[in-house]
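**Q** Take a look at the following structure, please.
We did not get these values from a lab; they are worked out from the coordinates using the rules stated. Not measured: the values here are computed from a predicted model. Virtual Cβ from ideal backbone geometry, glycine too; neighbours counted across all protein chains shown.
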């Protein structure tokens with residue numbers, strides 16, 4: 001049984017409740033199927049039998065409200081559900097006392113405008129950081145591949161460094177502008193936009209075999225970008241546009 005299934009209090013004094021994927025009955029009162037349960041000695045218990053039935057569910061999504069509701073509540077529990085695809089438990093929200101939730105909502109209403117302005121400032125700051133980072137990433141591409149057209153380099157950088165994308169530009173190596181990360185971003189763009197790789201995948205060819213077949217084409221393009229001087233104006237003659245670059 002995974003640790004997230006246990007009702008044992010965590011170090012911060014809060015409990016864990018599970019939203020089950022399969023139909024479960026309470027081992028105590030036999031009610032069910034249970035929307036939420038607690039495991040005690042490997043047996044499912046409903047919230048009432050676990051003495052958590054008086055709590056109300058607050059779904060995840062509003063960070064300020066969740067934090068304040070947990071601060072106001074004398075008893076709270078984290079609600080999780082198992083994600084089969086990712087193979088891990090993920091938070092779905094919290095259980096808190098109803099009166100605590102009401103107090104938290106009042107606190108959030110009182111400073112809603114201030115928090116809205118702060119979110120706007122933070123978004124602008126992050127956007128400025130992203131622009132500077134994408135420019136630095138593009139500059140590093142052009143340093144390593146002086147023959148790469150400037151608009152293509154900026155397209156690759158914008159795609160690779162998109163915040164929240166999980167792409168190579170957002171990795172630790174990418175943020176450090178390591179040569180390996182930058183080259184990986186360029187290779188990915190060339191593979192998808194300058195070879196038959198996507199068509200081979202759509203034909204049903206396994207990924208590793210498709211990569212093997214287009215490896216020479218990728219290397220030829222990279223070699224030409226390494227060896228050629230940058231063209232005046234930097235306009236790309238490739239079929240790709242920056243918005244489509246990978």
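**Q** At 25 °C and a viscosity of 0.890 mPa s, what translational diffusion coefficient does Stokes-Einstein give for region 3-110, taking Rh as the Kirkwood radius over Cα pairs? Give it in µm²/s as a whole number.
**A** 172 µm²/s
**Q** What's log10 of I(q)/I(0) for the chain at q = 0.15, 0.16, 0.18 Å⁻¹, Debye sum over Cα points only, no solvent?
**A** These q points yield log10 I(q)/I(0) values of -0.97, -1.03, -1.20.
**Q** Same structure again: Label-point separation (nm) for residue 163 and residue 122, each offset 7 Å from Cα along Cα-to-Cβ?
**A** 1.0 nm
**Q** How far is it, in nm, from the label point at residue 207 to the one at residue 227 when both lie 7 Å from their Cα along the line to the Cβ?
**A** Roughly 3.1 nm, to one decimal.
**Q** Now a separate question. Ranked by Cβ crowding within 10 angstrom, fewest neighbours first, how are 182, 131, 80 ordered?
**A** By the 10 Å Cβ count, ascending, the order reads 131, 80, 182.
**Q** Between residue 129 and residue 82, 0.36 nm times their residue separation minus their Cα-Cα distance comes to what?
**A** On the way: separation 47, 0.36 × 47 = 16.92 nm, distance 3.49 nm.
Length difference between fully extended and current span is 13.4 nm.
**Q** Fewest first, what order do 89, 208 take by the number of other Cβ atoms within 10 Å?
**A** 208, 89
**Q** So between residue 111 and residue 35, what do we pick up on full extension, going 0.36 nm a residue minus the alpha carbon distance?
**A** My answer for the length gained is 24.0 nm.
**Q** Continuing with the same structure: Tell me, in nm to one decimal, what length is gained between residue 143 and residue 102 on full extension, where the rule is 0.36 nm per residue of separation less the Cα-Cα distance?
**A** Full extension of this stretch gives 9.1 nm more.
**Q** Turning to a different aspect of this structure: Students often check this: by mean Cβ neighbours within 10 Å, which of 118-124, 63-69, 107-113, 172-178 ranks highest, and how do the rest follow? Write out the running numbers ahead of the final one.
**A** Numbers: 118-124: 10.1, 63-69: 17.1, 107-113: 11.7, 172-178: 13.7.
The peptides rank, most packed first, as 63-69, 172-178, 107-113, 118-124.
**Q** Order these by the 10 Å Cβ neighbour count, fewest first: 187, 168, 96.
**A** Fewest to most other Cβ atoms nearby, the residues stand as 187, 168, 96.
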